[in-house]
């Protein structure tokens with residue numbers, strides 16, 4: 001089954017992590033991707049800081065473009081990975097090994113992806 005893992009963090013807490021810890025964590029994250037290469041599909045990426053985001057929202061007459069995500073959530077998505085595993089339990093087991101979960105304010109959101117046949121009836 002295909003899932004997207006969305007890696008979230010809290011910017012205020014991220015700012016408290018010393019640079020040397022961030023560098024070490026990046027290597028651990030790269031190793032995590034190597035360790036799970038068989039389950040990772042093509043796709044996924046690290047994202048630039050949320051301050052660089054642009055959002056297109058529904059407006060009264062036409063869509064409106066605004067700077068930033070302006071989400072009510074305190075956490076931001078820092079990246080995502082597409083995976084193909086047997087079931088949700090396997091996705092959860094994989095997510096639990098995400099290195100950044102050692103830091104406060106971090107989480108991995110798991111969402112099942114639609115199969116093309118579900119959407120297009122093929």
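No other residue among 30, 103 is surrounded by 11 or more Cβ atoms within 10 Å (Cβ to Cβ), farther than 16 Å from residue 9 by Cα and within 17 Å of the chain's Cα centre (by Cα) apart from 30.
Among the strands (runs of 3 or more DSSP E) confined to segment 19-99, the ones with at least 1 residues that are within 16 Å of residue 4 (Cβ to Cβ), in contact with a strand residue (DSSP E or B) (Cβ under 9 Å, 6 or more places away or on another chain) and modelled with pLDDT under 95 are located at 40-46, 76-84. For segment 14-27, the condition holds for at least one residue, the condition being that it is within 17 Å of the chain's Cα centre (by Cα), surrounded by 13 or more Cβ atoms within 10 Å (Cβ to Cβ) and in contact (Cβ under 8 Å) with a residue 40 or more places away in the chain.
Within the option set 60, 42, 49, being touching a helix residue (DSSP H, G or I) at 6+ places or on another chain (Cβ under 9 Å) and exposed (fewer than 11 other Cβ atoms within 10 Å of the Cβ) holds for one residue only, 49.
The values are calculated or read from the model by the stated rules, or taken from the named source; none is laboratory data. What you see is a predicted model; the values in this text were computed from it and never measured. When we count neighbours, we look across all protein chains shown, and the Cβ atoms used for this are built from the backbone with ideal geometry, even at glycine.
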